[in-house]
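The values are calculated or read from the model by the stated rules, or taken from the named source; none is laboratory data. Not measured: the values here are computed from a predicted model. Backbone-built Cβ (ideal geometry, glycine too); neighbour counts: all protein chains shown.
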Amino acid sequence: MRKFFLILIFLFFTQGFALSQNQINFIYINGSNTNDEKSKEWFYSGVEKFHKIFIKKICDDCEVLLKITKDNKLKLNNTPDYLYWGDLSKDEIETLNKEIDILKKISPRVAQFTRRFIAMCFHDAIWISKYPNMMPVLDMLNEKVKEANKSEDKVVLLGYSAGTFVTYQYFLTKMPVIKTQDMIGALDIKGKNISDDLFENKNTCLDALFRSDILAYNLVGGLLLNPDKQVLQNSIRKLDIYTKTYCAPQNTVIGVVNYASPIPLFYSDISDKKYKVNQVMTLSLKYIIENDIFYLTVNYADDPLGIPTSKNLNFAQTNDIFLTKAQPNGGFYYEKSDVASPRPFFAAHTSYWATARKFSNTIIKAYKEGYKFFYETN
């Protein structure tokens, strides 16, 4: 009898441990043309069906499972989470459709179809790429990430189509990739005769620097330091507060999967060296490498809107572009766009969830290929 009770106590504690085990949440971000209830339901139901298969595929691959779960210290959340922003652009797309309909009676059908198709494909992508529209969406995403952090859970972001703009800008503006001391040197803040005791802040993000009025963009893509010394002093003194409010918590986002991504089409200016934000891009890559984050882009080869970003670089090649060398810590980035969709090319862009097994296998393969390429390729 005593042995029986000991076994029960053991099972109780082990079960309690399993229930309290921290988990990995998967947040799916919608793309363009999901403004009405029908398309919203298509997004939610497609993701729900896909996620079950995706989790199973991860669990079936021991190598990927152990890396993502940090040697089984974390469990995978079987229920997907969603960041839906289609309703925010709903009014604008309805107004656009009404404007297109003005020419319905006098315009050739082919021209009318082309107008509506272009509006359907590109309106939301253009809308979300503008900072005034993007920032509320990033704040919504950051609240989800901060909630996960409170529970000591981790997060993987999955951006579809124009939803990849959200993950991209999240790393650019919300991740705490900026070391305050480095920022001080780059902007020559000490040259403004500001007290040295203000410079003990933690890592911060671009959004915190904008919201605190320390920095602003100019019209030619540069970053301007606030010329008002008093405002600058007060803002730097409160920078940790701004960082906590507007930046992502460290060590919570552990991965990104972008798919059906047209990022190079809409953000090609970022590769222009005259844009200072280019430097923050470099810091984001360094942050990914040093914080054990995977950043994957997976497109079907025949997806007309899945545009390759660039050729893949390994760790040594990536480290060559950094002013301060990165320390390898398991993080990597990789693109895989060489697998054909099972659907015809004109349906490839919307086929990712419908071809859940193939797409899941492609993500798994991209993860394994990417890690090996990044750290083992000379």
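Just one residue in the set ALA301, ALA248 is at pLDDT 85 or above and under 15 Å from the mean Cα position of the chain (by Cα); that residue is ALA248. VAL256 meets the stated requirement of being assigned by TED's automatic domain parsing to the domain that holds GLY330, of a type in the set (A, V, I, L, M, F, W, C) and modelled with pLDDT of 95 or more.
Residue check: is GLU94 modelled with pLDDT under 95, surrounded by 11 or more Cβ atoms within 10 Å (Cβ to Cβ) and among the charged types (D, E, K, R)?
Values: modelled with pLDDT under 95: yes; surrounded by 11 or more Cβ atoms within 10 Å (Cβ to Cβ): yes; among the charged types (D, E, K, R): yes.
Here the answer is yes, as GLU94 does meet what is asked.
Can you give me the number of residues within the stretch 160-182 that are in a loop (DSSP other than H, G, I, E, B) and farther than 23 Å from LYS202 by Cα? So the answer is 2.
Filtered by the rule that a residue be part of a strand (DSSP E or B) and touching a Lys or Arg at 6+ places or on another chain (Cβ under 8 Å), the stretch 121-159 gives a lone residue, VAL155.
State which residue is surrounded by the most Cβ atoms within 10 Å (Cβ to Cβ) when the search covers only the stretch 327-347 and only residues that are part of a helix (DSSP H, G or I) and touching a residue at least 12 places away in the same chain (Cβ under 8 Å). Taking the candidates together, the pick is PHE345. Are any of the residues in the stretch 348-355 at pLDDT 95 or above, part of a helix (DSSP H, G or I) and surrounded by 15 or more Cβ atoms within 10 Å (Cβ to Cβ)? Scanning the stretch 348-355 turns up no residue that is at pLDDT 95 or above, part of a helix (DSSP H, G or I) and surrounded by 15 or more Cβ atoms within 10 Å (Cβ to Cβ).
Checking each residue in the stretch 220-232 for being surrounded by fewer than 16 Cβ atoms within 10 Å (Cβ to Cβ) and in a helix (DSSP H, G or I) picks out LYS229, GLN230, VAL231. Based on this model, can you work out whether LEU157 counts as buried (at least 20 other Cβ atoms within 10 Å of the Cβ) and modelled with pLDDT of 95 or more? Answer is yes for this residue.
Taken as a whole, the structure leaves GLU99 outside the set of residues that are surrounded by fewer than 17 Cβ atoms within 10 Å (Cβ to Cβ), closer than 26 Å to ILE307 by Cβ and at pLDDT below 85.
Would you mind finding the one in LYS49, LYS67, LYS38, LYS73 that is at pLDDT 70 or above, over 22 Å from HIS349 (Cβ atoms), out of contact with any Ser or Thr (no Cβ under 8 Å at 6 or more places or on another chain) and not in a loop (DSSP other than H, G, I, E, B)? So that I can check it myself, show each step before the final result.
Values: LYS49 fails: over 22 Å from HIS349 (Cβ atoms); LYS38 fails: over 22 Å from HIS349 (Cβ atoms); LYS73 fails: not in a loop (DSSP other than H, G, I, E, B).
None of the others qualify; the one that does is LYS67.
The single residue among THR362, THR324 that is surrounded by fewer than 17 Cβ atoms within 10 Å (Cβ to Cβ), polar (S, T, N, Q) and over 18 Å from PHE43 (Cα atoms) turns out to be THR324. For the stretch 261-290, the set of residues classified as modelled with pLDDT of 90 or more and over 16 Å from GLN169 (Cβ atoms) consists of LYS286, ILE289, GLU290, listed by residue number. Is the stretch 301-323 home to any residue that is in contact with a helix residue (DSSP H, G or I) (Cβ under 6 Å, 6 or more places away or on another chain) and in a strand (DSSP E or B)? So far as the stretch 301-323 goes, no, none of its residues is in contact with a helix residue (DSSP H, G or I) (Cβ under 6 Å, 6 or more places away or on another chain) and in a strand (DSSP E or B).
Residues that are under 13 Å from PHE359 (Cβ atoms) and over 19 Å from the mean Cα position of the chain (by Cα) within the stretch 29-49 comprise GLY46, LYS49, listed in sequence order.
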